[in-house]
Amino acid sequence: MSKGNNSTPASSRGNRSPHHNLKNIPDEWSERVTSQERSLVPRFATRAYHLPGNGLCRDWFQYMLNNHPIIGICCHHRLHPLKTGQRFIILLGSFAFGVAITNVCYLWFISTGRDAKQEIFSIDLNTQESAHYSVTAGLVMLVTVGSGLHTIFDRFVWSLSACRCCRAGGTFETSSVNSVRRGRCQDIGSYLVIFFVVLVIAAATFIVIVRAKMDDEETTAIPYIQDNNTTLTDIVQSVKDFELEDFSFLKAYCIEFAVSLFLYYPLLDTVLFSGILGCYRLPILGGRPYEVRKEEKKRIAKSGARRVSALEMA
């Protein structure tokens, strides 16, 4: 009877958490995470062009649906490590960083006394209606420095938020699987992204206020920055005096941002997907052909290893 009183009923053992035994990490992990997750999650986290078993069209659609900043919010795969909330935060941070870097370039030209409208080179088209296109220093700055930094920021927050190391198929998969620790390891990247996005939004807000103040006073002197006596109260008071027209430059950026997302993004990512920039053989630039070739090499190597083991056993 004493043994019966001290033993744990089968029903209570069945209701125990699957994380109660810290020594059986691999077995518990295998029960909760399928081989499909181990295969797909790392690929989703690295924005893979190719998924096992997919053809060309299916790969293109999965790449766009999983990676597009707006479409991916609603249409991403259920196993993708970036969920709806994370994607919205990344999109908000991308917009804020774009606003900040655009206006920083504008302020740089003013503070250094350079002319943003200076023509670098021009293109003349001899058609029925002659057309003259000029490329200015400001445009070159935005296309090179601005776009480059914007791309680096987007890729950085994406990789940080996806945090593939502690997810299914990641490097620290088994060491971070138990109890709450695994959830914390997976979510630490998302928390850092939120912190970075808040900082970027704060910086972008300040830069927008500076730009609006300059446009309102029609001056080339940079307010709040060059004036060391400016206080937070002065900034708040000046914001109250602003009108909606003082932020008209944001309308142009919103249009530019929308065009880049729905026109340039699909076009440029399709070029990267094709692999033509990397001659189909370089990582990232090699696109889908590079990943298909890499997967084929792994399959051949695995089949060869199986044959060797079979011969040894025979």
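Would the stretch 234-242 turn up any residue that is among the aliphatic types (A, V, I, L, M), closer than 21 Å to Gln62 by Cα and in contact with a Phe, Trp or Tyr (Cβ under 9 Å, 6 or more places away or on another chain)? No - not one qualifying residue is present in the stretch 234-242. Within the stretch 53-74, residues that are farther than 18 Å from Gln36 by Cβ reach partners that are small (Gly, Ala, Ser) and part of a helix (DSSP H, G or I) with beta carbons closer than 9 Å, at six or more positions or on different chains, in the pairs Met64/Gly72; Pro69/Ser94. Checking the stated criteria, Leu261 turns out to be under 30 Å from Val210 (Cα atoms) and surrounded by 11 or more Cβ atoms within 10 Å (Cβ to Cβ). Among residues of the stretch 255-278 that are closer than 15 Å to Ser147 by Cα, those with a Cβ under 7 angstrom from a residue that is surrounded by fewer than 17 Cβ atoms within 10 Å (Cβ to Cβ) and of a type in the set (A, V, I, L, M, F, W, C), sequence gap 6+ or separate chain, pair up as Leu261/Ile70. Only a single criterion out of (1) exposed (fewer than 13 other Cβ atoms within 10 Å of the Cβ); (2) modelled with pLDDT of 90 or more is not satisfied by Leu92, namely (1).
For the stretch 68-75, the criterion of a residue being out of contact with any Gly (no Cβ under 7 Å at 6 or more places or on another chain), of a type outside the set (A, V, I, L, M, F, W, C) and crowded, with 21+ Cβ neighbours inside 10 Å is satisfied by no position.
The values are calculated or read from the model by the stated rules, or taken from the named source; none is laboratory data. Just so we're clear, the structure is a prediction, and the values are computed from it rather than from any experiment. Positions of Cβ are backbone-derived with ideal geometry, glycine not excepted, and every protein chain shown enters the neighbour counts.
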